[in-house]
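K.L.:
Sharing a structure below in C-alpha cells format, with a few things to ask.
No value in this document is a laboratory result; all are computed from the given coordinates. Computed from a predicted structure; not experimentally measured. Every residue, glycine among them, receives a Cβ derived from its backbone with ideal geometry; neighbour counts consider all protein chains shown.
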Amino acid sequence: MRTDDPQTGASSFGQVYLRQATPADADGMATVFGIAFDDYRRGLGVDAVTLGAMWHPSFSARVEVSTVAVSAVGDVVGFIISVPPGVEEFRRDSRPRARPRFPEMMGWRNMWRLPATFGPMGLAFARRRTRPDEGYVSMLAVRPDWQGKGVARSLLLGVEGAMVRAGASGVLLHTAARNQAAQRAYRRAGYRVVRTLRSPWTDPAGINAYVAMRKDLEVLRPLSR
C-alpha cells in the first residue's frame, strides 16, 4: 500500500519509504551500489568498498535525479537514478565535482579493465539511446538482503509517475543480457526488450551483450490527470 506525505514529498511503500535523494545520501547509495553490483566488482577486479568509493562522486553529482528507498531505521536500502526527458543526468553548476582517483583505487595494472568493462555498455546505449520523449533509468540498485521484498518495484513505480508528469511517452533502460533475474523483474513491471545489443568483445565479468528494455507510459497518462 502506498501513502504520500505532501509536506516532505516522501512516499511509503510497505516496509520502506521513498524520497528525493540529498547529498548526504551519497554514502548510502555508494554502499548499496558496491554490494549489489557484483558484475562491476568482477569486471573491475575490486571489492565492494572500493567500488562504492569509486562511484561516490558520481552519486553526489546525480542526487537531483535520484530517489532513495529508506528503511524504518533510516538506512538507504535501494535507489534509482532516473532522467526525465530534457533533463541533464549530471549536475551542471558551479559546484566542484570530485574526481575519483581510479589508478590509486584499482592499481595501474588494472586500468585496462575500465574500458574493457564500460566500452560495451557505452556501445549499447549508443545503439539504442533515449529518444526526445523518453525517460531513462540510468541505475537501479537494492541491497541484497532487501531484494525480493518489492523495493525495486516500488522505486520503478515512483519514478514512472514522475515520468508521466514530465510528459515522457516511455521509459528506457539497459541491462546485461545474461542477467535473467533483472529482466524477469523488469518484465513483471511492464518492460519489454526492444533491442539486443551484442558487444564486439566479452568484458572481464563475462558479459558479451546487453538488452534495451522499454515501458510504454501512454497507458498510465489518463491515471495521472
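K.L.:
Quick one: what pairs do we get from the stretch 63-83, first residue closer than 9 Å to Leu18 by Cβ, second in a strand (DSSP E or B) and of a type in the set (Phe, Trp, Tyr), C-beta under 9 Å, 6+ apart or different chains?
P.N.:
Thr67/Phe79; Val68/Phe79; Ala69/Phe13; Ala69/Tyr17; Ala69/Phe79; Val70/Tyr17
K.L.:
Then there's this: For a quick check of your reading of the model, give me the residue pairs whose first member lies in the stretch 44-60 and is touching a residue at least 60 places away in the same chain (Cβ under 8 Å), whose second is surrounded by fewer than 19 Cβ atoms within 10 Å (Cβ to Cβ), with beta-carbon atoms closer than 6 Å and at least 6 apart or on different chains.
P.N.:
Filtered contacts from the stretch 44-60: Gly45/Asn110.
K.L.:
If I go through the stretch 140-181 residue by residue, how many of them are aliphatic (A, V, I, L, M), more than 14 Å from Lys215 (Cβ to Cβ) and surrounded by fewer than 22 Cβ atoms within 10 Å (Cβ to Cβ)?
P.N.:
Total meeting the criteria: 4.
K.L.:
Mind checking which helices (runs of 4 or more DSSP H) fall wholly inside the stretch 16-78 and carry at least 1 residues that are of a type in the set (D, E, K, R)?
P.N.:
Here the list reads 26-36, 38-44.
K.L.:
Among the residues of the stretch 162-213, what is the count of those that are assigned to a loop (DSSP other than H, G, I, E, B), farther than 22 Å from Gly86 by Cβ and either free of Cβ contacts under 8 Å to residues at least 24 places away in the same chain or of a type outside the set (A, V, I, L, M, F, W, C) (or both)?
P.N.:
10
K.L.:
Within the bounds of the stretch 88-101, is there any residue that is surrounded by 12 or more Cβ atoms within 10 Å (Cβ to Cβ), in contact (Cβ under 8 Å) with a residue 40 or more places away in the chain and more than 30 Å from Asp145 (Cα to Cα)?
P.N.:
yes
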